[in-house]
Each structure stands twice: as C-alpha cells, then as structure tokens.
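Below you'll find the structure, written out as structure tokens, and then a few comments.
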Amino acid sequence: MAPMSLRLNAQEGSVSEKLINFWEARAKGGVGLIITDVLTVDPNYCYLGPTLSLGTEESMVSMKRLTDTVHKYGAKIIPQLSHPGPDSLRGLLSRQEVVGPSQLVNKSTGTICRELSIAEIESIIEMFGDTAKKAREVGFDGVEFHSAHAYMLGGSFLSPVRNKRTDKYGGSLECRLRFALEAIENIRRKAGNDFPIVVRMSGDELIEDGNHLYDMICAARAFEQAGVSALEISGGVQPEYAHHIIPCMGKNRALNAAQAAEIKKAVKIPVFCVGKIHTPMLAESLIETGKIDMVVMGRALLSDPELPNKSMVGDIDNIAPCIGCGDGCIGSGAVLHSTCSINPMVGEEKEMEIIPVETPKNVVVIGGGPGGMMAARDCALRGHKVTLVEKEAKLGGRLNVASRGPFKQDITGWVKYLINQVEGLDIKIITGKECDEAMLKELAPEAIVVATGGCPIVPNIEGIDGPNIVMAMDVLEGKLPILRGNILIIGGGIVGLETADFLKQNVNSVSVTVLEMLDDVGREYIPATKSFILNKLMGKGVKIHTLAKVEKINENGVIANVRGEEKNFGTFDYIVVACGFKGSCSDGVYEGLAKDIYVIGDALKPRRALEAIAEGAKTARAI
C-alpha cells in the first residue's frame, strides 16, 4: 500500500485512533506491506499539517500500538522517512523558514527556501539514522527513504531541478546522490544491516532539466551498492507533474511500469512500481511478465480495503473500483480528512461499521443513482426490507451520462459494481416506473429515502427557447448527433467542459466556444484533472471565455456581458446549455406517505457523487 496523506494524524507526531483503524482495515483486507504517510525525521518540520514523528514518548507508544495492530493480520508495515525540507508547510502555517539544497521559491507554496549549510546537512543525516533506530524499536519492519519527485529533502537533493549547489552535495549525479547515500549509510549503521530499506525514486522526472531514465538507472545501481533492500518506482516532479504522481482520470494505467521494468534489468534487488495500478488483472500481468516484483497500490485500497482478499478468491466483480476522480482523497473540500467517492468509510472505519438492526423496517429508496444504490445496499445489509425504484430503464442515474466523456470510461466499472451490489442482496428492484403516490401507498414504507438526483438548470435568458438550443445531457447521451458546425456551450463547469471535449473527440469539423459567467472554469475539478482537461481542450482549439454572461440570443447572434462590456459572439449552429443542476425534491411532496423521510444527494442540493454516496451510507445507518 502506497504512502498517502489522509489528514488523520494526531498532534505531536502520534498516530490517531482513526489512522490505526484505517490501516487495520487494509491489513485485515490482505495487504502484504503498508507504507505509512511521511514520518518526519525532524519534528520541527511538518509536512502537510500534523505529521507523524517519533519525537515524544507518546508518539512512540502510539506507533507501537499501530505496528502491533497491523502485525495481527500478518502484514508488514514501514514508515516513509523524510525531511519535508522545501515542501514543509511550516512556512505557510507558522511563517517559519523552510530549507533545502538551494535557495529557490517553492512553486506550490510561494515560500522561499533557504540553502542548508554542510553542517546542517550532516545534522539532518544523523536524524535519519536516529529515527530509523526508533522505528525499529517500536516494531516497524523497515523504512522507506523518500528520494522521488524532486520533492522534500531527499528528492530535492537528487534532482537538478532543485539542487543548484556547487559543493560536494551538488553538481554531478554522483554528488547529488551523496545526501541520500549518506542518510542510507547512517540508517544502516544505527538501525542495523538487517533492517530493510526501500527507496522511493522517480523512474523519470519527465521535466526537461530533470533526471531521466538513464540517470535513474545509475542512481538505482548506486542505491543497490549502498545496501538498499528494494526500490519503489514512481515518476514525475512536484508540482509540474502532479497529475502524473497522482494520476487523474484520462492518464494511462501503470504509467511508471516501463521505467520500472528498465530499472529492474539493471539491479538484482526487488523493484516495486506505483502509479494507477488499480485492478488485479493489471497487477498480475505486470508481475507474471517479469516487469516488476511487487505492485504498490494507493487509491485502489481506499475504494476497497478488501481488494487483495477478494482477488485471492476470484471475487473480482465485487471489488469497489477506484475511478481516479480524486474528489475525496485529494479534493475533499469541507471534509476534515480525506475520504473516497466510492467508499465513504475511509477515515470512519469504526464509526461506520454495518450494525444489524433489531427491528427491521420497510424502506423505499426512490432513485437508482449512486446515492440511492448505496442507501439501498446498506439498508439491506443492516436487515431492512428494501425496495429500490428507478424511473429510467436501468440503474446508474447520472453516472451513466458522466461515463460518456472521452476520459471517463472507468465510471462504468463503478456503475457495474453498484448494480452488482444491489442485485446480489434481497432488494426488490423496480425500473422503468415513476414512484408516484399510488405506488408508495401500495408499498406502505415506514421510511422513504429520496435520491432522485437533480434537474438541469435552464437559465433565464432571452431567446433560450430557440430551435437550435439543446441541453448538454442530451448531447452526452447521444440523443443529438453533432458532427459539424459552430457550437456554443453556455457554462464552463464539469459538464460544459466535458461536453466540449466530447464534441471535439475525433471530429475536426466542429468549432466549439465555451462561455462561463464566473472568473474561472472547471472549478469543481481537483487541480490535476483540471489542468489535464484544459490542456486537452486548448490542444483541440476550444475557445474559452470567462466573466462572460450571456444576456440574449437572437437572429443577430449571442450577446454577452464580457467583463462589463457587451459583446456579440455571432451566430451558432447549436447552443448547448450546461448551466448546472438544481434539486429535484420539492418541500412536502412525500409528506404523510411514511413516518421518516430522508432527502439525499442532488435531490437535496446539487453537488458531487462524493456527497451523494456519503449521504446514502449515513442515512442507511440512521434508519
């Protein structure tokens, strides 16, 4: 399991109970080796807020509790040792200086990094050995040394992107390796030669002035000669290639495997590979063909901690698939810790356990989208009698349309998984029928869960009812083939941008313009996905205008207020409306038809599938 920052850490470096519960679920689920989040060798330098460390007695005790818990299930666990260096958030959180190999401005935080002196470097190298010794004392099975992505101190010293020194720690690759090799030697001397060390490194930094494959092959051989036990191969640099380090939708699967395979040819120690290896089939293929020795999974073990166990018994269809959305694990917004669109139990493993009810109720779930199916499944797992009603001919809701975008195919696996879940339980499923008052009176529910989704917004614009006006959802569903012409899309949110991408897919005879009334487009995306889709659209020649509010549409063209000035964008063959959604459940519509009525997801307020799934799960536990 890959190291991931989940914002579950306790203060003063300790492991919180929530974090222990999180890792326990993965160990129980069959993970062989867990690599923890960053464990800083210097407690004065945090990573992304509260950071694991071994600087206090309390933190040592909590780490021992963690390792004992994981070992109960036969799993091994190692911390990712690092000094956050130039990427420590202490520069933002407490206005204290950050340090690194050279004085540079951090592109992510805007803080200025002070260059370390040789005496300071030597002191930090001692910290690595001291911390590794403590890690062994509290029961860890080894350590991982972070030297990837031109990131944190280890990666920064290795990369010419950040290391501009002219002394013995900079210049050539041999000298840039010196910091890592001396830290590794210190770890071996203090923690013991039999204490395994894994090095995380980029197979290729992918940036013009960075380390490339053959540099990293040389580095891998140097690490092997230094006594390192294994190598974990990632790729890219932070922040320029964040979308590669945490691959978003549309990025290739196993995107570091080719570099890992080349490095494996050059060394005799085991080579691990990380980077969008989400399925057992892909993982098995990489191992069976000899490309790598071990697969490292991250988000796939968020969406389903039981993935290894299910894989071992061939229960593939019931693996909750990661779709690479990043909405919960990276862009969780108001949530205090990372979560998951697929698995709302992330970070709440104990709090959201399925507990059977003492008195089963008759529950009707209206709407077979993600929130509705999650509510139906969890109600049934708790022992309730459940009826799921969907007015369309098939389950899936708006996910069925969301999967139509050029890089959104993985969503179909999520839909299939949810359908398998509800069909595999004792749930009465009714499709192709509206759940009206007559049906509800016949079903006589004690509780109703309203998960009817949202309705597209039609803006109040003069001329919006013209013959060439179409809705984005109709375009994405294939109800209206548009193969040529001049197209305007009103709205630059997710639906608007993905409609533009959909229209331009393999079609050169379509010209697309997007008008967005706010000052930015794609605000709902996580940063990596946003940069990915915008680069795609720019490459396809899509024109995007922000602060452009459409005011009227007539025979002379589309008139918009652009940054305070009126502008005529001319006429268009089609005008596509992608202005978002509104809640579909009116107040009091189900009043008197059940004792308890719950409204979830977009039926309550338009948001993401992340919120719909979470509300479906929590509602099922409240009934």
Exercise for review: Please enumerate the residues belonging to region 18-57 that are assigned to a loop (DSSP other than H, G, I, E, B), within 27 Å of the chain's Cα centre (by Cα) and among the polar types (S, T, N, Q).
Suggested key: T51, S53
Check your understanding: Out of (1) open to solvent by less than 30 Å² (accessible area, probe 1.4 Å); (2) within 22 Å of the chain's Cα centre (by Cα); (3) of a type in the set (A, V, I, L, M, F, W, C); (4) closer than 23 Å to Y417 by Cβ, what's the single condition that is false for V363?
Key -> (2)
Point to revise | Some residue of region 202-211 being assigned to a helix (DSSP H, G or I) and open to solvent by 30 Å² or more (accessible area, probe 1.4 Å) | key: no
Exercise for review: Report yes if some residue within region 441-454 is more than 30 Å from I355 (Cβ to Cβ), in contact with a strand residue (DSSP E or B) (Cβ under 7 Å, 6 or more places away or on another chain) and not basic (K, R); otherwise report no.
Suggested key: yes
Study note, to complete from the structure: Those residues of region 58-86 which are open to solvent by less than 10 Å² (accessible area, probe 1.4 Å), part of a helix (DSSP H, G or I) and not hydroxyl-bearing (S, T, Y) amount to M63, L66, V70, G85, P86
Check your understanding: Just checking, which of L89, L33 is at negative phi and touching a Ser or Thr at 6+ places or on another chain (Cβ under 8 Å)?
Key -> L89
Review point. Under 26 Å from G30 (Cα atoms), touching a residue at least 40 places away in the same chain (Cβ under 8 Å) and surrounded by 17 or more Cβ atoms within 10 Å (Cβ to Cβ), is that true of P280?
Key: no
Point to revise | Residue tally, condition closer than 27 Å to G396 by Cα, without any contact (Cβ under 8 Å) to a residue 40 or more places away in the chain and in a loop (DSSP other than H, G, I, E, B), over region 481-505 | key: 1
Check your understanding: Of the residues that make up region 322-342, is at least one of a type outside the set (A, V, I, L, M, F, W, C), in contact with a strand residue (DSSP E or B) (Cβ under 6 Å, 6 or more places away or on another chain) and closer than 26 Å to Q409 by Cα?
Key -> no
Revision key, fill the gap. Scanning region 537-580 for residues that are open to solvent by 60 Å² or more (accessible area, probe 1.4 Å), part of a loop (DSSP other than H, G, I, E, B) and not charged (D, E, K, R), the one farthest from V470 (Cα to Cα) turns out to be G564
Exercise for review: Could you grab the pairs with beta carbons closer than 8 Å, sequence gap of 6+ or different chains, first residue in region 551-565 and farther than 17 Å from D520 by Cβ and basic (K, R), second one open to solvent by 90 Å² or more (accessible area, probe 1.4 Å) and outside any loop (DSSP other than H, G, I, E, B)?
Suggested key: K552/E462
Practice item. Can you confirm whether region 581-600 contains a residue that is assigned to a helix (DSSP H, G or I) and open to solvent by less than 60 Å² (accessible area, probe 1.4 Å)? Key: no
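The values are calculated or read from the model by the stated rules, or taken from the named source; none is laboratory data. Not measured: the values here are computed from a predicted model. Every residue, glycine among them, receives a Cβ derived from its backbone with ideal geometry; neighbour counts consider all protein chains shown. Side chains are part of the model used for accessible areas, which takes the heavy atoms of the whole protein and leaves out ligands, DNA and RNA. Shrake-Rupley method; radii C 1.70, N 1.55, O 1.52, S 1.80 Å.
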